[in-house]
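Down below is the structure, laid out as structure tokens.
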């Protein structure tokens, strides 16, 4: 058996449009040794999330891009395998931001110890992690659903969307989910308990959406972008709120300028005549709400009101293909790579 | 001398694009007689405002359209000339919503008595009325300028824009105004005290705006719509706020669909990556702030920190032409018709 090395996946080049396998490169490196004050982490699970597409491009954004040749970034669940840090012991399991690799050093900054007895550690990457908190903070702080109102969310079987709809229902609102395909829609409706689930691939999707929202839409949680926008927007009620946390359908748009007609004047017309609120956000803006989120979400999971589904892929070398599939909606639930 | 009649201007037909004189019709009617509980108002001043263009169209909006054949709506300052109402006496001057006519009945609903000794009564239609309150509520409740931030507003010599910039400065922010022509820019800069005033007709307007906003734009008070949007939007800072109260440049857009490119994806991209807030509003949503507004604005006027300019047109029959000019930016200050 070969000596263990640090396997890592680096950005080989910046993608044009949808990333391809050639945009990534697998490298082997020596396993690093922690200095005093550091720990060596062995990564167990890697989270794959749509935002990573943004980091692959050089365009200005809220976060710095990954440099070409550098390890792809990402949230991870790791085990401490060597500690020179007084706060961590070998065997501790932590949430870290170690990226697409099998080992990483940390000086402890940003590490959060996980209790495997309290919840499966993978939930720290999903429903009890960044995606779940994105849903919680965006829905409750910006969307502010009132009892009886209608909340619409797309990618409703995904990590963020599934939490958005379930939290909306916990708050007394109606939840209408949009997903791709009959299986995902059945899951959203039957397992997650949304009031309705619609397949955006249906030819009559706009009519289905209108029928599922007889009182209009009060909150549209925008986490996908793309072609469902027009159908949703025409149904927004006066004073509707649109938290915007992602535009996965548009992340690969950098190859061609959008053709007409120009929908901006129509959007601003609706913003004015309906007194709409549109607000982009990144969950870390609301970091002070995290303790309350952990407390509430854990209780909702315990009493069965907040469910989740994970899509686990085995092996770090399969991460690029899984990520490319994520951008095309091929995953079904929170996409996580299990390192083997 | 002919017996006095009620002269009124009615909507003759729905305009296509920019209204023309033929869209209005002048009518004579008998002066009505108040019943018990009513007053007869003789209108002294009629406010002309961009929102009236919306009322001329049948399209769904936050307010019902004016019916074809009905009197054009509008805010007015009126004198009570006959009273059958216990709360009003002949000679009282009131703010009313009597529309484009010389006489009107009222049962007192919505009337506000004005004190001509406290402020010129015309200010109830401008800086101390709906336009001033629109500026106050939208800027402070949605825009929330912080000291040192940069606030940009267009139509800066107009009723809303002039108040936006001056209130921004009162709150310690920098005010950059956009106006049409050298005279209006000089007024905005030299009389109103904006930090900068730019002519949107200049060929290098985008470069001028960038130079006037070296730290970017934190609040863009959107009261015009139209072509300055692109120049402004590229300068918005992270977490910038965009209160939207008007789109005068687009009010006549109903004749042709907008051509490409489609700017909606780019807008949503910026909303997300910059965590922008875009919020349409109508001032009456914030009606509970009106008493505080009257108090604060009156004090600011008294100490010279809130200045205003009125553009008074004589004669009700000149209202249509003045209104058409307003939609083209021909007015200079708050446009008011003085009934003679």
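The values are calculated or read from the model by the stated rules, or taken from the named source; none is laboratory data. Quick caveat: nothing in here was measured; it's all calculated off a predicted structure. All Cβ positions, glycine included, derive from the backbone under ideal geometry; neighbour counts span all protein chains shown.
Scanning segment A:230-257 for residues that are at pLDDT 85 or above and surrounded by fewer than 16 Cβ atoms within 10 Å (Cβ to Cβ) returns A:230, A:234, A:238, A:239. Among the residues making up segment A:151-191, those that are within 19 Å of residue A:278 (Cα to Cα), touching a strand residue (DSSP E or B) at 6+ places or on another chain (Cβ under 7 Å) and assigned to a helix (DSSP H, G or I) are A:161, A:164, A:165, A:168. Scanning segment B:296-319 for residues that are in a helix (DSSP H, G or I) and within 22 Å of residue B:175 (Cβ to Cβ) gives B:296, B:297, B:298, B:299, B:300, B:301, B:302. In this structure, residue A:88 does not satisfy being more than 30 Å from residue B:274 (Cα to Cα) and surrounded by 22 or more Cβ atoms within 10 Å (Cβ to Cβ).
Given the structure, is residue B:335 in contact with a helix residue (DSSP H, G or I) (Cβ under 6 Å, 6 or more places away or on another chain) and either surrounded by 14 or more Cβ atoms within 10 Å (Cβ to Cβ) or not assigned by TED's automatic domain parsing to the domain that holds residue B:138 (or both)? Quick ask: steps written out before the conclusion?
Numbers: in contact with a helix residue (DSSP H, G or I) (Cβ under 6 Å, 6 or more places away or on another chain): yes; either surrounded by 14 or more Cβ atoms within 10 Å (Cβ to Cβ) or not assigned by TED's automatic domain parsing to the domain that holds residue B:138 (or both): yes.
Here the answer is yes, as residue B:335 does meet what is asked.
Considering only residues in segment B:322-332 that are surrounded by 19 or more Cβ atoms within 10 Å (Cβ to Cβ) and assigned to a loop (DSSP other than H, G, I, E, B), the one that is modelled with the highest pLDDT turns out to be B:331.
Is it true that some residue in segment A:293-313 is within 10 Å of another protein chain (Cβ to nearest Cβ) and in contact with a helix residue (DSSP H, G or I) (Cβ under 8 Å, 6 or more places away or on another chain)? Within segment A:293-313, not a single residue is within 10 Å of another protein chain (Cβ to nearest Cβ) and in contact with a helix residue (DSSP H, G or I) (Cβ under 8 Å, 6 or more places away or on another chain). Within segment A:80-111, being outside any loop (DSSP other than H, G, I, E, B) and more than 29 Å from residue A:19 (Cβ to Cβ) holds for A:80, A:81, A:82, A:83, A:93.
Here are some residues: A:30, A:15. Which one is touching a helix residue (DSSP H, G or I) at 6+ places or on another chain (Cβ under 7 Å) and either in the same structural domain as residue A:77 (by TED's automatic domain parsing) or surrounded by fewer than 13 Cβ atoms within 10 Å (Cβ to Cβ) (or both)? Break it down into steps so the answer makes sense when it comes.
On the way: A:30 fails: touching a helix residue (DSSP H, G or I) at 6+ places or on another chain (Cβ under 7 Å).
From the options A:30, A:15, the qualifying one is A:15.
Got a sec? Which of A:224, A:242, A:232, A:219 is assigned to a loop (DSSP other than H, G, I, E, B) and more than 7 Å from chain B (Cβ to nearest Cβ)? Before the answer, list the steps.
Values: A:242 fails: assigned to a loop (DSSP other than H, G, I, E, B); A:232 fails: assigned to a loop (DSSP other than H, G, I, E, B); A:219 fails: assigned to a loop (DSSP other than H, G, I, E, B).
Step by step, each of A:224, A:242, A:232, A:219 is checked, and only A:224 is assigned to a loop (DSSP other than H, G, I, E, B) and more than 7 Å from chain B (Cβ to nearest Cβ).
When every residue of segment B:116-135 is checked against the conditions, at least one turns out to be buried (at least 24 other Cβ atoms within 10 Å of the Cβ) and within 14 Å of chain A (Cβ to nearest Cβ).
Annotation: residue A:148 fulfils all but one of (1) surrounded by 24 or more Cβ atoms within 10 Å (Cβ to Cβ); (2) not in a helix (DSSP H, G or I); the unmet one is (1). In segment B:258-285, of all residues being more than 7 Å from every other protein chain (Cβ to nearest Cβ) and either within 25 Å of the chain's Cα centre (by Cα) or modelled with pLDDT of 90 or more (or both), the one that is surrounded by the most Cβ atoms within 10 Å (Cβ to Cβ) corresponds to B:283. Candidates are the residues of segment A:307-321 that are over 17 Å from residue A:7 (Cα atoms) and touching a residue at least 40 places away in the same chain (Cβ under 8 Å); the one that is surrounded by the most Cβ atoms within 10 Å (Cβ to Cβ) is A:308.
Within segment B:197-216, which residues are part of a loop (DSSP other than H, G, I, E, B), surrounded by fewer than 21 Cβ atoms within 10 Å (Cβ to Cβ) and away from chain A (no Cβ under 14 Å)? Please lay out each step first, then the result.
Taking segment B:197-216 as the starting set, the residues that turn out to be part of a loop (DSSP other than H, G, I, E, B) are B:200-204, B:213-216.
Filter once more, keeping what is surrounded by fewer than 21 Cβ atoms within 10 Å (Cβ to Cβ): B:201-204, B:214-216.
Of everything in segment B:197-216, those that are part of a loop (DSSP other than H, G, I, E, B), surrounded by fewer than 21 Cβ atoms within 10 Å (Cβ to Cβ) and away from chain A (no Cβ under 14 Å) turn out to be B:201, B:202, B:203, B:204, B:214, B:215.
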